[in-house]
Amino acid sequence: MRYRTLNSRMFIHHRAELSKLLLPNSLAVLNANDIPPTNADGSMVMRPNSDLFYLSGVEQEESILLLYPEAHEENMREILFLRETNDLIAVWEGHKLTKKEASKLSGIKRVEWLCEFPALFHRLTCECDHVYLNSNEHKRAHIDVESRDARFVRDTQARYPLHDYQRLARLMHRLRGVKSDYELDLIKQACAITKAGFLRVCKFVKPGVAETEVEAEFAHEFIRRRGGFAYSPIIASGKNSCVLHYLSNDQPCRTGEVLLLDVAASYANYNSDLTRTIPVSGRFTRRQRQIYDAVLRVFRETCKAATPGKLPKQWQKDAEAVMQEELLQLGLLKPSQVRRQDPDKPALKKYFMHGVGHPIGLDVHDVGITTEPIQAGWVLTVEPGIYLPKEGFAIRLENDILVKEGGNVDLMTDIPIEAEEVEALLRRRDKRVPGSAP
Ligand code: GLY
Ligand code: MN
């Protein structure tokens with residue numbers, strides 16, 4: 001594991017919180033993710049199953065977690081099943097969790113090899129009244145491949161057709177929306193790694209550097225700090241900054257352009273999400289600065305506006321109202337356009353066409369019950385932007401905030417965001433010529 005060993009109390013706490021939400025005499029089963037195959041004999045990197053990790057800290061392939069908090073026998077209440085290793089696996093894949101290690105990591109006393117699962121599951125599933133199974137219920141998920149959890153649902157329902165099945169995802173979304181203190185600590189560590197990457201890049205960027213080189217600088221800083229990229233980095237200079245999901249990162253950064261950096265780190269599977277837009281030459285043009293300051297004002301208002309009790313939909317509307325005012329001031333929108341606009345398709349969407357923020361945590365667009373009011377303990381991104389493809393640039397700014405009664409906390413408040421601060425950072429940059437030896 002790249003990250004320091006986590007405290008098992010985190011996972012014990014999360015399991016206790018889940019137990020409170022289960023119906024009486026319920027059993028829940030969660031599966032690890034599959035290792036995705038390539039088109040030949042290789043495999044891609046497996047992303048740990050977020051829910052399994054949340055409840056156990058286990059990342060290992062094929063693992064199964066069975067929770068039955070009201071089982072008659074105490075040693076049946078929490079069982080973790082692991083792939084049993086052998087000499088061949090040890091040679092080709094390396095170390096796998098021992099029962100003792102898994103128990104220490106997760107705080108689960110009973111750990112069994114996978115071969116024990118069918119008999120134990122049969123017995124317990126016949127003793128319980130409800131079976132909670134997991135599925136991907138993210139509202140924007142597009143799923144073409146069947147996950148281990150999905151196969152397990154299919155097989156289990158075929159085998160036990162008369163059981164009462166419940167959706168575990170619904171409960172996981174509710175739980176994971178409100179971050180525990182353990183989780184906040186990890187998100188803050190991800191933010192700290194992100195900050196280090198951003199500061200490094202500000203010393204590096206100048207006309208002539210390539211977007212690829214900028215990506216490499218981030219990678220260096222994130223990985224040496226035992227983190228990783230939270231998502232595919234967007235390193236978009238000039239007109240590329242107007243492409244919301246620009247991923248090729250293969251162009252040179254030119255004099256006078258902006259460089260939009262939507263790049264952030266993860267740590268221990270917890271993610272951060274940051275966007276800064278910086279001037280390649282070290283100073284924003286008058287026009288870039290005008291747009292930058294407008295976006296920054298929307299950002300500041302929107303950070304404050306995510307108040308507990310407000311519906312996320314209303315938060316979006318509030319952000320759009322502030323943005324609309326800025327766009328009117330900038331002359332990008334005319335009052336007559338605003339008066340005539342269809343409220344379902346407001347004119348401002350031409351310049352700000354995406355959501356103003358999303359929950360973040362074990363997933364970058366994290367799960368949460370976003371049809372219900374915002375709650376204290378949610379961690380949200382705030383990411384307004386103005387996109388001007390005709391002028392060849394966009395400005396987006398993004399931090400992660402913790403929603404709190406009495407005022408939200410910006411978890412990235414120490415990452416420079418004011419235009420002058422960013423320009424000052426760039427003035428301290430490296431004088432090396434790109435491509436020269438370090
Ligand atoms: N920064 C990545 C995203 O929010 O989609
Ligand atoms: Mn984001």
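Taking a ≥ b ≥ c as the square roots of the eigenvalues of the Cα gyration tensor, an a/c ratio of 1.5 or more together with a/b no larger than b/c marks segment 269-339 as oblate. For the chain, the share of DSSP beta bridges that are antiparallel, to the nearest 5, is 75%. Accessible-area rank, largest first, for Glu59, Glu74: Glu74, Glu59, with all protein chains present and a 1.4 angstrom probe. Per-residue ellipticity at 222 nm, computed for the chain from helices alone with -39500 (n - 2.57) per DSSP H run of at least four residues, works out to -11000 deg cm²/dmol. Once you sort the root eigenvalues of the Cα gyration tensor of segment 74-159 as a ≥ b ≥ c, which label holds: rounded (a/c under 1.5), prolate (a/b larger than b/c) or oblate (the other case)? Judged from the Cα gyration tensor, segment 74-159 comes out oblate (a/c at least 1.5, b/c at or above a/b). Taken as Cα centroids, segment 182-199 and segment 381-396 sit 25 Å apart, rounded to the nearest whole angstrom. Hey, how many Å between the Cα centroid of segment 224-279 and the Cα centroid of segment 348-377? After rounding, the separation between the Cα centres reads 19 Å. The alpha-carbon of Lys304 sits under 18 angstrom from the alpha-carbons of these lysines, leaving out residues fewer than 8 places away in its chain: Lys313, Lys317, Lys404. Accessible area per residue for segment 1-88, computed on protein heavy atoms with a 1.4 Å probe, is 49 Å².
What separates the Cα centres of segment 122-154 and segment 11-68 is a distance of 11 Å. Note on the chain: with neighbouring protein chains present and a 1.4 Å probe, carbon and sulfur make up 52 percent of its accessible heavy-atom surface.
Rounded to the nearest 10 degrees, what's the angle between the helix 286-305 long axis and the longest principal axis of the chain, both from Cα atoms, 0 to 90? Helix 286-305 sits at roughly 40 degrees to that axis. Sorting Ser56, Ser232 by accessible area puts them as Ser232, Ser56; the probe is 1.4 Å, largest comes first, and only protein heavy atoms count. For segment 111-194, the per residue solvent-accessible surface stands at 54 Å², with DNA, RNA and ligands left out and a 1.4 Å probe.
The values are calculated or read from the model by the stated rules, or taken from the named source; none is laboratory data. Keep in mind that what you see is a predicted model, and the values were worked out from it rather than measured. Remember, those area values only see protein heavy atoms, side chains included, never the ligands or the DNA or RNA. Shrake-Rupley method; radii C 1.70, N 1.55, O 1.52, S 1.80 Å.
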